[in-house]
Amino acid sequence: MEKLIFEKSVLGRKGHYLSPLDVPEIPLEKLLPAEFCRREALILPELTEGEVVRHYTQLSRLNYAVDTGFYPLGSCTMKYNPKINEDVANLPGFSRLHPYQPEESVQGALELMAKTQEYLAEIAGMDAVTLQPAAGAHGELTGILLIMAYHTSRGDFKRNKVIVPDSSHGTNPATASLAGCQIVEVPSNERGGVDLEALRAAVGEDTAALMLTNPSTLGLFENQIKEIAEIVHQAGGLLYNDGANMNAIMGYSRPGDMGFDVVHFNLHKTFSTPHGGGGPGAGPVGVKAALEPFLPKPVVRYDEQKKQYVLDEDRPRSIGRVKAFYGNFGVVVKAFTYMLMLGGEGLKEASAKAVLNANYLMKLLTEHYELPYAGPCKHEFVVTPRHTDQTGVHTLDIAKRLIDYGFHPPTIYFPLMVKEAIMIEPTETENKETLDAFAAAMAAIAKEAREAPELLQEAPHHTPVRRLDETLAARKPVLRWKE
Ligand SMILES: *Cc1c(COP(=O)(O)O)cnc(C)c1O
C-alpha cells in the first residue's frame, strides 16, 4: 500500500527555498495578540520536491478515471469529453467574470446562457429553460416546485401526490418527498413499462404529477407514453420527465412532444461534463409555456427595448432563486461548446452511437448473463449473473473481479426492482475494440464463476487494498494519518 506523505517525511528534508529577508523582521507578537500565536511549530511532512511530485503522481495513478479506461457506470454516463470544451470554459473572458458585474459588461456570457436555454428547449421540445439548478436531483426539485406553484396559482390546493413508477431513478421519489408531496408508487408490467391499469387506479383529484424516467433505469423506452400522458392530464396532473439521460434520445424524440410538461437535463452526463467527475454539475429544467411564469429568477432573456440581454428580476410569480447567482456557469459553457461543435446532426449521431453501443454490448453479454427485461435498450441495460444459487457468486463478486481485469465495474444493485442487477452504460464514445474487450472479460468471469468461484469471492487480487468493510469505513472513517 502506498505510504502516506507524513510517513515518508524525514526530519530536516526540504523541498523549498526562501530568499533571505530584505526587510526588517517584525516579531510575530507585534502583529498578532499573543493568544493567537502558535507556541510550537506545526508538524508538516518534510520532503524534497522530487519526493512530493512522485508521491502525488503515484497517488493519481491509483485513481481509475474516464481518461484512463472504460467506465461503464450505468445511469452515470461516464463518457470521454473533448478537452477543448474545458479550454473554452477556462478562457479568461468566461472564467474571470464576477457575478456582480453590470449586465452591460457581461453581454457575451448572457447571450451564451440565453442560447444554451434555447438549444436545450429545442432538444427537449419545451418552451422555456432555466439553467439555475446545480444537478439532476436539484433540477427535479425545481421542477416539482414549479408544478406545485402552477397548481396553487389556479387555486388547486388538493394536489399533493406524486406518482412514481418503480423503474424510476431513486432521486424521483426523494425529490417529491422533499417538496412536501406524498409518493404513490405504481408497479411496472412484465416488459418493464408502466402498468396502465395501476396508473388509472392511482390518478385522481389529488394527483400533482407523474414523474417518469424515460428511458427508464432499465434502459427501456416507455412506448405507452402517449396513453400515460393522457391518463395523467385527464386527471388534472402534470407530467415530469427525468431526462437525465438525454444521450439516449437526442435528435430522435422530444419529451415535449411526448406530452411532458417539465423535464430536467443533466449537463454533467450528456453535455460534456462527466457525472461524478468531482466537479460541479448543472441540471437545467425545461417547461411548457404554462409553467414559464414560475421559473426561478433572475431569468436570462433578450430585452427588445433595451436591445441587450438582461437578468430579469421582475418576476412576481417566480418560485424564487434555487441557486446562488445563475447556476454553474462553467458547466454551461462546456455544454454550449459541445452543442455548437456537434450541431444538430452531431447530437443525433451521439444518441445513435450511445444506443448502438449499448445494444451491441447487451447482445454480447446475454450469451453469459441473464437479461431480465428484453431489449432493444436505449443508452444502458441491466443484466444479472447466472445460477447465483449454485455458484455462490454474486453481483458484488463480479464487480470486484472486473477490477482485476482492468475495468471500472458497472453500477450494481440498481435499479432495486432487479435482484443482483448489473447496470451497464457503455456511452457513445467507446469503440468496438473496447466493448469487445469488456465483453471478453465478462465472459471470462462468468466461466470463473462456474469453475473457480473463490477467485471472484476474494477479488480484487491486484489492488493496493482488497475488499473494504464499507459499513465500517462509513461509520468509523479514518481521517487522520495517525491516532
Ligand atoms: C443521474 C441521474 C439523476 C440524478 O442526477 P444528479 O446530478 O446526480 O443529481 C436523476 N435521474 C436519472 C435517471 C439519472 O440518471
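Exactly one of these conditions fails for ILE84: (1) away from the ligand (no atom under 16 Å from the Cβ); (2) β-branched (Val, Ile, Thr); (3) touching a Pro at 6+ places or on another chain (Cβ under 9 Å). Give me its number.
(3)
Taking the stretch 211-226 as the search range and keeping residues that are part of a loop (DSSP other than H, G, I, E, B) and more than 16 Å from the ligand (Cβ to nearest atom), which one is surrounded by the most Cβ atoms within 10 Å (Cβ to Cβ)?
GLN224
Scan the stretch 294-312 residue by residue and report those that are assigned to a loop (DSSP other than H, G, I, E, B) and surrounded by 14 or more Cβ atoms within 10 Å (Cβ to Cβ).
Within the stretch 294-312, LEU295, PRO296, LYS297, PRO298 meet the criteria.
For the subset of the stretch 173-194 comprising residues that are of a type in the set (A, V, I, L, M, F, W, C) and either more than 11 Å from the ligand (Cβ to nearest atom) or in contact with a Lys or Arg (Cβ under 8 Å, 6 or more places away or on another chain) (or both), which member is farthest from ALA229 (Cα to Cα)?
Ranking the candidates gives LEU178 first.
How many residues are within 14 Å of the ligand (Cβ to nearest atom), among the hydrophobic types (A, V, I, L, M, F, W, C) and outside any loop (DSSP other than H, G, I, E, B) if we restrict to the stretch 256-283?
Count: 3.
Out of THR142, THR175, report the one residue that is under 20 Å from ALA282 (Cα atoms), touching an Asp or Glu at 6+ places or on another chain (Cβ under 6 Å) and buried (at least 21 other Cβ atoms within 10 Å of the Cβ).
When all the criteria are applied, what remains is THR175.
Which residues, taken from the stretch 36-83, are of a type in the set (Ser, Thr, Tyr) and closer than 30 Å to SER167 by Cβ?
Listed by number, the residues that qualify are TYR64, TYR71, SER75, THR77, TYR80.
Residues that are assigned by TED's automatic domain parsing to the domain that holds ASP242, hydrophobic (A, V, I, L, M, F, W, C) and free of Cβ contacts under 8 Å to residues at least 40 places away in the same chain: does the stretch 156-169 have at least one?
yes
Out of ALA229, ALA201, ALA208, I need the residue that is in a strand (DSSP E or B) and away from the ligand (no atom under 16 Å from the Cβ). Which one?
ALA208
On the given criteria, is LEU456 at pLDDT below 95 and either of a type outside the set (D, E, K, R) or outside any loop (DSSP other than H, G, I, E, B) (or both)?
Judged against the criteria, LEU456 is not a match.
I need the full set of residues from the stretch 20-78 which are among the charged types (D, E, K, R) and either within 30 Å of THR429 (Cβ to Cβ) or within 16 Å of the ligand (Cβ to nearest atom) (or both), in order please.
ARG61, ASP67
Considering only the stretch 157-172, state which residues are more than 15 Å from the ligand (Cβ to nearest atom), surrounded by 14 or more Cβ atoms within 10 Å (Cβ to Cβ) and of a type outside the set (A, V, I, L, M, F, W, C).
Answer for the stretch 157-172, where residues must be more than 15 Å from the ligand (Cβ to nearest atom), surrounded by 14 or more Cβ atoms within 10 Å (Cβ to Cβ) and of a type outside the set (A, V, I, L, M, F, W, C): ARG159, ASN160, LYS161.
I need the full set of residues from the stretch 234-286 which are within 21 Å of ALA149 (Cα to Cα), of a type in the set (S, T, N, Q) and in contact with a Phe, Trp or Tyr (Cβ under 6 Å, 6 or more places away or on another chain), in order please.
Passing the criteria: only ASN241.
Among SER75, SER9, which is the only one that is surrounded by 11 or more Cβ atoms within 10 Å (Cβ to Cβ), more than 30 Å from GLY136 (Cα to Cα) and in contact (Cβ under 8 Å) with a residue 12 or more places away in the chain?
Checking each option against the conditions leaves just SER9.
Select from the stretch 22-53 the residues that are among the small types (Gly, Ala, Ser) and either surrounded by 10 or more Cβ atoms within 10 Å (Cβ to Cβ) or in a helix (DSSP H, G or I) (or both) and write down the one among them that is modelled with the highest pLDDT.
This residue is GLY50.
On the basis of being within 16 Å of the ligand (Cβ to nearest atom) and in a helix (DSSP H, G or I), does SER351 make the cut?
In short, yes.
Among the listed residues LYS79, LYS115, which satisfies the condition of being under 25 Å from GLY276 (Cβ atoms) and of a type in the set (D, E, K, R)?
Checking each option against the conditions leaves just LYS79.
The values are calculated or read from the model by the stated rules, or taken from the named source; none is laboratory data. Note that the structure is a prediction, hence the values are computed from the model and not measured. Cβ: placed from backbone, ideal geometry, glycine included. Neighbour counts: every protein chain shown.
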